[in-house]
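Just below is one structure, and these are the notes that go with it.
Nothing in this text is a laboratory measurement; each read-out follows from the coordinates by a stated rule. Treat the numbers as computed from the prediction; the structure is a model and nothing was measured. Cβ placement follows ideal geometry from the backbone for every residue including glycine, while neighbour counts extend to all protein chains displayed.
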Amino acid sequence: METQSLEKSQRINLGSGRLDITEVTARRFNFFAAFFFIGLSILVIYNLFNKENSNFADKSMPFAYMMIGLVYLFKASVEQSKTSKHAPHFLLTEKGIKIKVGVLKKSQFIEWNDIQKIELGNYKIGFKIKSETQFYPYQTRKETSIALKKAIKTKANELGIEVENLLRK
């Protein structure tokens, strides 16, 4: 998979799945929160050096702030990235489809030749390979889900693969 050309591929990022704010706003918020908590941890560490009597809670607070800041930074720079290989996405290539539905989940590659049928459901896509159907549930915005299903349906129609819409049943 890694050696094939990505020029004719189509990548659809799933994003964070939040519906109340835009993806850009969510990413900006996460960067802001990350730098806020990292800055706060530096400020608290600086104040600890000027304080002679401090307890365990005072000394552990900057590390908690730093960890919170790093979580927000990871979320903004990896999960919500448009180019990160760790971000949840579907990649449609000439040879097959690469599926990664979560940051901590391993990506899977399915060749188009192996797929007998594709089933499109409500925020899930099923691929029938041999006699078994494997479903991949995902979280994303409604517009992204529609774009993903249209792209998969278009590619499947080009290749003569049967597509069934489970939402119309």
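Things worth noting here:
- Rounded tilt (10° steps) of 23-49 against the dominant C-alpha axis of the chain: 20
- Theoretical FRET efficiency, 1/(1+(r/R0)^6), r = Cβ-Cβ of residue 164 and residue 108, R0 25 Å, to 0.05: 0.75
- Considering region 51-103, its Cα convex hull presents a mean projected area of 4.9 nm².
- Per-residue ellipticity at 222 nm from helix content only, as computed over the chain with -39500 (n - 2.57) for each DSSP H run of at least four residues, stands at -13000 deg cm²/dmol.
- log10 of Debye I(q)/I(0), alpha-carbon scatterers only, for the chain at 0.13, 0.16 Å⁻¹: -0.71, -0.93
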